[in-house]
Amino acid sequence: MSKSLQAIRGMNDTLPEQTPLWRYFESKVSRLLDNYGYKQIRMPIVEFTELFKRSIGEVTDIVEKEMYTFEDRNGDSLTLRPEGTAACVRAVLEHGLTGGGQVQKLWYIGPMFRHERPQKGRYRQFHQIGVEVFNLDGPDIDAELIVLTWRLWGELGIRDAVKLELNSLGTSEARARYRAALVEYLSSRLSELDEDSQRRLKSNPLRVLDTKNADTQAVLVDAPKLVDYLDEESRVHFEGLKARLDAAGIPYTINPKLVRGLDYYSKTVFEWVTDKLGAQGTVCAGGRYDGLVEQMGGKPTSGVGFAMGIERLILMLETLEQIPEEIARQVDVYLCAFGEAAELAALALSERVRDQLPNLRLQINAGAGSFKSQFKKADKSGALYALILGDDELAQQVVGLKPLRGQGEQQTIAWDALSEHLATCVVQG
Ligand code: HAM
């Protein structure tokens, strides 16, 4: 027997009962970004592998072991994008969008791919909404990115469950000096480090700072601190950001160990974390990457951005029961018709009603069926009302309007008056 076909591990279907919540979330975020003056950009899902190696960094977990890379029929090495920043920078450069110091405030949404070990909140295909800003180098824009996410948490009803962690990585020169000091210190205590940290010490020493190993964490207590190596420019920038967050009343904690898993960051880095989701608690993360555009062949151009994980935020809404009632109901009115002549009239009538009430969610019964079975379907649809059209109604050019959710008696409405009547009882806005 042939093996039954299944989705790839860590790559999920979003089923019809889940999509209303996704669409609610997506529309909240896109409206908010519109209101702050961000414009959407759409990039391909597949890019040349080289793009990610050059931007994210050769010795990061993502590039070393998590990318979906394959050769296409031309022999080119291609990769399913593991994140959006690299492709966004590529697109901006390719189309000259940041030329002459032009400011760009961009956002994107879509699937990303990482070959990680799947668990709750961590998938191999997941979805991000990301924001990237180019050619604004002051802390005011870093603050705006944080303020707008804070507003989003408020609108979604999850503000109390997320915390902001902040750090500054300094310029790349400052980081290089710090890296040297850290390597010197950790090398002197090499035997006390766990195996993974010993390996990272050689490839990407800053990542030792976010080890989960308790022994290594103990060694880190006396390690040199990044903040002591910050250059003056980064320090002033960071102070500027903190002052703005204080003024906006946004609580945060400084986490000196926050280094992030991608190599392109400089100055500000931040993460919004929650303890409501278990191990995968970062719902949104980002920072500044002032050197990246140049590193990818462009003129020096500052950049800052973040991305949020949609699956994690959907899980938050479910866990905290912040699912708005309006998305639970998908149908306003369900039209039942009995007999061929009534079905023909029902179709014409429903189209007339749709012309007059474009926002009405009207579902017309398909597949005929007895009175009982159509009624059952009407009720299951979640509609507020059933419209009933049989031979008697047809002869009199009326419909029966039956409340399904306990609001009063059945009424008889003339076809001509139907839209007006429905407008008063179901259509809002
Ligand atoms: P990142 O921290 O790798 O940053 O990912 C951002 C967010 O995507 C995470 O905080 C998490 O919510 C979500 N995420 C990441 N991996 C997974 C996964 N395997 N399953 C589910 N959700 C996941 C970036 O991607 C940067 N490009 C962010 C950025 C934009 N920095 C500057 N601009």
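Across region 75-124, what is the number of residues that are assigned to a helix (DSSP H, G or I) and either open to solvent by 50 Å² or more (accessible area, probe 1.4 Å) or within 10 Å of the ligand (Cβ to nearest atom) (or both)?
Total satisfying the criteria: 9.
On the basis of being of a type in the set (D, E, K, R), out of contact with any Pro (no Cβ under 7 Å at 6 or more places or on another chain) and surrounded by 18 or more Cβ atoms within 10 Å (Cβ to Cβ), does D379 make the cut?
no
Mind telling me which of the residues L394, L404, L389 ends up being touching a helix residue (DSSP H, G or I) at 6+ places or on another chain (Cβ under 7 Å) and open to solvent by less than 10 Å² (accessible area, probe 1.4 Å)?
L389
Among L206, L190, which is the only one that is more than 16 Å from P256 (Cβ to Cβ) and open to solvent by 10 Å² or more (accessible area, probe 1.4 Å)?
Answer to the check: L190.
Cβ-Cβ below 7 Å, separation at least six or inter-chain, first residue in region 244-258 and closer than 8 Å to N167 by Cα, second open to solvent by less than 60 Å² (accessible area, probe 1.4 Å) and in a loop (DSSP other than H, G, I, E, B): which pairs?
Short answer, once both residue conditions are applied: none.
Return the only residue of I129, I146 being in contact with a strand residue (DSSP E or B) (Cβ under 6 Å, 6 or more places away or on another chain) and of a type in the set (A, V, I, L, M).
Within the list I129, I146, the selection yields I129.
Can you tell which of T19, T49 is surrounded by 15 or more Cβ atoms within 10 Å (Cβ to Cβ) and polar (S, T, N, Q)?
When all the criteria are applied, what remains is T49.
Taking the condition among the polar types (S, T, N, Q) and more than 14 Å from the ligand (Cβ to nearest atom), does T49 pass?
yes
Identify all residues within region 14-63 that are assigned to a loop (DSSP other than H, G, I, E, B) and free of Cβ contacts under 8 Å to residues at least 60 places away in the same chain; write none if there are none.
T14, L15, P16, E17, P44, E58
Could you list all residues from region 148-171 that are at pLDDT below 95, under 19 Å from D210 (Cβ atoms) and surrounded by fewer than 20 Cβ atoms within 10 Å (Cβ to Cβ)?
Hits for region 148-171: nothing passes.
Answer yes or no: is there a residue in region 305-324 that is away from the ligand (no atom under 16 Å from the Cβ), within 34 Å of the chain's Cα centre (by Cα) and farther than 30 Å from K276 by Cα.
no
Among the numbered criteria (1) outside any helix (DSSP H, G or I); (2) farther than 25 Å from E83 by Cα, which single criterion is violated by G154?
Only one criterion is unmet by G154, namely (1).
Out of L277, L313, L262, report the one residue that is crowded, with 17+ Cβ neighbours inside 10 Å, under 30 Å from R23 (Cβ atoms), at pLDDT below 95 and in contact with a Phe, Trp or Tyr (Cβ under 9 Å, 6 or more places away or on another chain).
After applying the criteria, what remains is L262.
For region 250-259, which residues satisfy the criterion of being open to solvent by 50 Å² or more (accessible area, probe 1.4 Å) and either within 14 Å of the ligand (Cβ to nearest atom) or over 27 Å from K120 (Cβ atoms) (or both)?
Residues satisfying the conditions are I254, P256.
Are there any pairs, at least 6 apart or on different chains, whose C-beta atoms fall under 6 Å, with the first in region 123-134 and closer than 10 Å to G309 by Cα and β-branched (V, I, T) and the second at pLDDT 95 or above and open to solvent by 30 Å² or more (accessible area, probe 1.4 Å), and if so, which?
I129/I109
Quick check on region 170-177. Is at least one of its residues within 27 Å of V293 (Cα to Cα) and in contact with a strand residue (DSSP E or B) (Cβ under 8 Å, 6 or more places away or on another chain)?
Checked against the condition, which is being within 27 Å of V293 (Cα to Cα) and in contact with a strand residue (DSSP E or B) (Cβ under 8 Å, 6 or more places away or on another chain), region 170-177 yields no hits at all.
The values are calculated or read from the model by the stated rules, or taken from the named source; none is laboratory data. Given the structure is predicted, the values throughout are model-derived calculations rather than measurements. When we count neighbours, we look across all protein chains shown, and the Cβ atoms used for this are built from the backbone with ideal geometry, even at glycine. Please note that ligands, DNA and RNA were not included when accessible areas were found on the heavy atoms of the full protein model with its side chains. Shrake-Rupley method; radii C 1.70, N 1.55, O 1.52, S 1.80 Å.
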